[in-house]
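Student: Once you've had a glance at the structure underneath, I'll fire off some questions.
What follows is calculated from the coordinates using simple rules that are stated; it is not laboratory data. For clarity, every value in this text was computed on a predicted model and none was experimentally measured. Methodologically, a virtual Cβ is constructed for each residue, glycine included, from the backbone with ideal geometry; neighbour enumeration extends over all protein chains shown.
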Amino acid sequence: MAFIESFITPEEDALNEEFLEKGYVIKDVDCPDVLYAMRHMILEVACELLEVDLPDDETDFLNLIHEMVDISELNGFRLAIYNKVNEQTWFRPTYFRLGRNLTEKLVGNELAMQNQVNLSIQMPNDNSSLIGIHSDAFSGETPFQIVQWVPLVDAYDTKSMFLLPPENNRRIFPQIRQIVEDGNMDLLFEEVKDQVVWLTVPYGKVLIFSPNLLHGNVVNQEKRTRWSLNCRFTGLFTPYTSCEKSLGGFYLPITTRIVSRVGMNYQTPKGFDE
Ligand SMILES: [Fe+2]
């Protein structure tokens, strides 16, 4: 019998290396049928709002939604779908299931999850719903988290999102304050736009990335609309860096293990607590 020399399996080690080097991984979702069912449900809500019949080609319908919804109505339309789907008790557990194997390997098996799953709809030539370059940690989110990002249609080039690789982040971080002295983050994007990676994420894949790295999007210059979902996961017992974005509010425990619960409820008898 061979002894085991490492606590980490070769498969986990390879995944860790890939994440560390690139800042992200893109893999197949754990269960394509579940993704399809989620997308179908979102589509049903959208059709109900628009008072149209369900389409034969769901991919085309989503890709070409800009032919049916005006940019001026987009945010209201998106929020109506977001609210409706997040009302469903199954929505977050089902979303978690799409990337559970990866998330557990990268983050841990005792997790907290953001309290809502975000929905993004990026129409061609729409500059009203952009998320400019930023790091999530700049707004008080824990740096111990990942984002699970799942497109409902193929995402590529400007229809997708960009990420600045870890090595480039390490170079630019000490200079950020100087570059955006007047608070204009666009200057930062100008500085790094030739170094960012545009993530190609076909439908059926899940992207997991570190939102500590600079990322964002620009005006979608492709001919089709991007629909994507995203949500944050962090280890249950990792530090939380702001009151606003802390455990119990922004993040909720989802896979607390029984021994942790036992430990949290343990009370030392008087006389043994010193
Ligand atoms: Fe972000």
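Student: Past 21 Å, Cα to Cα, is the threshold; run LYS27/LYS105; LYS27/LYS159; LYS159/LYS205; LYS84/LYS223 against it and keep the listed order.
Tutor: Values: LYS27/LYS105 13 Å; LYS27/LYS159 19 Å; LYS159/LYS205 15 Å; LYS84/LYS223 28 Å.
Distance filter (> 21 Å) returns LYS84/LYS223.
Student: Identify the chymotrypsin sites (Phe, Trp or Tyr not before Pro) of the stretch 1-59 meeting these criteria: DSSP loop state and at most 15 other C-beta atoms within 10 Å of the C-beta. Provide the component values of the computation, followed by the final result.
Tutor: Working: sites: PHE3, PHE7, PHE19, TYR24, TYR36; in loops: PHE3, PHE7.
Counting only loop positions with at most 15 other Cβ atoms within 10 Å, the chymotrypsin sites (Phe, Trp or Tyr not before Pro) in the stretch 1-59 are PHE3, PHE7.
Student: Here is a follow-up. Top mean-square fluctuation among ASN220, ASN101, ASN212, Gaussian network model of the chain, C-alpha springs under 10 Å?
Tutor: In this elastic network of the chain, the residue with the biggest mean-square fluctuation among ASN220, ASN101, ASN212 is ASN101.
Student: Among 144-154, 221-231, what's the highest-first ranking by average C-beta atoms within 10 angstrom per residue? Don't skip to the end; give the middle numbers.
Tutor: Values: 144-154: 23.1, 221-231: 19.6.
The packing order, highest mean first, is 144-154, 221-231.
Student: Follow-up question, since we're still on this one. Quickly work out the ARG177-to-LEU50 label distance, labels modelled 7 Å from Cα along the C-beta direction, and quote it in nm with one decimal.
Tutor: 4.9
Student: Run a plain Debye calculation on the chain (Cα atoms as equal point scatterers, no solvent) and give log10 I(q)/I(0) at q = 0.08, 0.10, 0.12, 0.14 Å⁻¹, rounded to two decimals, same order as the q list.
Tutor: For the chain at q = 0.08, 0.10, 0.12, 0.14 Å⁻¹, log10 I(q)/I(0) is -0.38, -0.58, -0.82, -1.08.
Student: Using Cα pairs closer than 8 Å and at least 6 residues apart in sequence, work out the relative contact order for the stretch 88-194, in percent.
Tutor: Working: 24 pairs, mean separation 30.6, N = 107.
Relative contact order of the stretch 88-194: 29 percent.
Student: Given an 8 Å cut-off on Cα distances and at least 6 residues of separation, report the relative contact order of the stretch 151-270 as a percent. Numbers along the way, then the final one.
Tutor: On the way: 111 pairs, mean separation 46.1, N = 120.
Reported as a whole number, the value is 38 percent.
Student: Could you point to the residue in GLY23, LEU152, PHE237 farthest towards the positive end of the stretch 22-265's charge dipole, with +1 and -1 charges on the Cβ of Lys/Arg and Asp/Glu respectively?
Tutor: PHE237
Student: Divide by every residue of the chain the summed helix terms, -39500 (n - 2.57) for each DSSP H run of at least 4, and state the resulting mean residue ellipticity at 222 nm, rounded to the nearest 500 deg cm²/dmol. All intermediate terms of the calculation are to be shown ahead of the outcome.
Tutor: Working: 9 runs with 98 residues, N = 274.
Rounded to the nearest 500, the figure is -11000 deg cm²/dmol.
Student: Cα atoms only: what Rg and Dmax, in Å, come out for the stretch 201-274?
Tutor: Here Rg and the maximum Cα pair distance are 20.2, 71 Å.
Student: Turning to a different aspect of this structure: Between ASP60 and GLN116, how high is the FRET efficiency from 1/(1 + (r/R0)^6) when r is the Cβ-Cβ distance and R₀ = 22 Å? Nearest 0.05. Write out the running numbers ahead of the final one.
Tutor: On the way: r = 28 Å, r/R0 = 1.27.
My answer for the efficiency is 0.20.
Student: Another one. Dividing the Cα radius of gyration by the Kirkwood radius, what Rg/Rh value follows for the stretch 132-176? Please report the intermediate quantities before stating the final value.
Tutor: Details: Rg = 12.8 Å, Rh = 12.8 Å.
Result for the stretch 132-176 is an Rg/Rh of 1.00.
Student: Rounded to the nearest 20 debye, what is the charge dipole size of the stretch 22-265 about its Cα centre when +1 sits on each Lys and Arg Cβ and -1 on each Asp and Glu Cβ?
Tutor: Values: 22 positive and 31 negative charges, 261 e Å.
The calculation lands at about 1260 debye.
Student: Let me ask another. In a GNM of the chain with a 10 Å cut-off on Cα contacts, which of MET38, MET161, MET264 has the highest mean-square fluctuation?
Tutor: MET264
Student: If the reach is capped at under 15 angstrom between alpha carbons, list the aspartates and glutamates near LYS22, excluding any in the same chain fewer than eight residues apart.
Tutor: Once the sequence-local aspartates and glutamates are set aside, what remains near LYS22 is ASP13, GLU167.
Student: In the chain, what % of DSSP beta bridges are antiparallel (nearest 5)? Please list the in-between numbers first.
Tutor: On the way: 32 of 34 bridges.
Expressed as a percentage, antiparallel bridges in the chain total about 95.
Student: Considering the chain as a Gaussian network with a 10 Å cut-off on Cα pairs, which listed residue, PHE96, PHE209, PHE173, attains the greatest mean-square fluctuation?
Tutor: PHE173
Student: Let me ask something additional. Once the piece of chain linking ASP186 and SER139 is laid out straight, how much longer is it, given 0.36 nm per residue of separation minus the C-alpha distance between them? Display every interim value, and only then the final one.
Tutor: Working: separation 47, 0.36 × 47 = 16.92 nm, distance 1.70 nm.
Computed gain between ASP186 and SER139 is 15.2 nm.
Student: Give me the dipole magnitude in Debye, nearest 20, for the stretch 24-66 about the Cα centre, with unit charges on the beta carbon: positive for Lys and Arg, negative for Asp and Glu.
Tutor: On the way: 2 positive and 11 negative charges, 60 e Å.
So the magnitude is around 280 debye.
Student: Could you point to the residue in SER129, SER139, TYR266 farthest towards the positive end of the chain's charge dipole, with +1 and -1 charges on the Cβ of Lys/Arg and Asp/Glu respectively?
Tutor: Of the listed residues, the answer is TYR266.
Student: Could you go through the stretch 244-259 in sequence order and give the Karplus-derived ³J(HN,Hα) for each residue, using 6.51 cos²θ - 1.76 cosθ + 1.60 with θ = phi - 60°, rounded to whole Hz, and x for Gly and Pro?
Tutor: With the stated coefficients, the stretch 244-259 comes to 5, 10, 10, 5, x, x, 5, 10, 10, x, 10, 10, 4, 7, 5, 5 Hz.
Student: Tell me the volume per residue, in Å³, of the convex hull enclosing the alpha carbons of the stretch 69-147.
Tutor: Working: hull volume 10.4 nm³, N = 79.
Hull volume over Cα atoms, normalised by residue count, gives 132 Å³.
Student: Testing the spin-label approximation: label points 7 Å from Cα along Cα→Cβ at ASN83 and LYS270. State their distance in nm.
Tutor: 5.3
Student: Which whole-number percent gives the relative contact order of the chain, counting Cα pairs below 8 Å spaced six or more residues apart?
Tutor: On the way: 420 pairs, mean separation 83.0, N = 274.
In percent, rounded to a whole number, it is 30.
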